[in-house]
Amino acid sequence: MRNPRVKIGWRLIRFRLHKARMPEGQAVVVGQDLSVVFRRYQPSDYDQVVALWSRINRELAPVGMKELFEQYIATTISGELARLSEVFSEARKNAFWVVDHQGGIVGCFGIESHSATDTELRRMYLDREFRGAGVAKRMLECAEELARSLGFCKMLVSTAEIQRAADGFYRRSGFRQVRVEIAQAMTAKQAGGGLTRFYFEKEL
């Protein structure tokens, strides 16, 4: 079995945050070195990935939709998150990474093949205090590098209108919007509830 720490794309990135403005009650990282490692997901990471998924989706829940998002969180935990190693199996030309900071998981992202030419960027999340320092850019570059090496020519991604930072990030990163949908049904990829969802693609 391949060592999950074998170098694939961007492995170790060091940043310095000179200042960070955070909402009251949130951790503030000021003038501290942040060393993060992108490594392949291991079953022992499950609890931390679930915790990351839960806290970020609770941040995203719009007013009046918290109960729906709690249902979405629970459904996803018992569904796809419980089967991450299977869903993102390397044998299927998929991959799933965690972003590790001093033993704690602060982010995650993956790619899932759709066809011989297309792969989808999935489950890209990063804790609030690590945003705005270039980590997300390196995460995307890591995913794109592996996708190209596996022979994919196009990367797909989707995001909800409420994820404004993600929406802007994908547009700035060269993704082209191809369609918009109103998500009614809850699936592994969306909470539903009538939220607007944007679909993008990018040539690799």
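Quick notes on this one:
- Test for residue 123: is it closer than 16 Å to residue 200 by Cβ and surrounded by 14 or more Cβ atoms within 10 Å (Cβ to Cβ): yes
- Qualifying positions in the range 71-107 - under 20 Å from residue 143 (Cβ atoms) and assigned to a strand (DSSP E or B): 95, 96, 97, 98, 99, 100, 101, 105, 106, 107
- Residue that is farthest from residue 190 (Cα to Cα) [pool: residues in the range 155-164 that are free of Cβ contacts under 8 Å to residues at least 60 places away in the same chain and surrounded by 14 or more Cβ atoms within 10 Å (Cβ to Cβ)]: 155
- Residue in the range 38-70 that is nearest to residue 144 (Cα to Cα), counting only those that are aliphatic (A, V, I, L, M), free of Cβ contacts under 8 Å to residues at least 60 places away in the same chain and not in a helix (DSSP H, G or I): 61
- Check on residue 179, loosely packed, with under 15 Cβ neighbours inside 10 Å and in a strand (DSSP E or B): yes
- Of all the listed residues (112, 144, 161), the sole one being of a type in the set (D, E, K, R) and over 27 Å from residue 45 (Cα atoms) is 161.
- Picking from residues in the range 148-194 that are β-branched (Val, Ile, Thr) and closer than 23 Å to residue 81 by Cβ, the one that is modelled with the highest pLDDT is 157.
The values are calculated or read from the model by the stated rules, or taken from the named source; none is laboratory data. Keep in mind the model is a prediction, meaning the values are calculated, not measured. Every residue, glycine among them, receives a Cβ derived from its backbone with ideal geometry; neighbour counts consider all protein chains shown.
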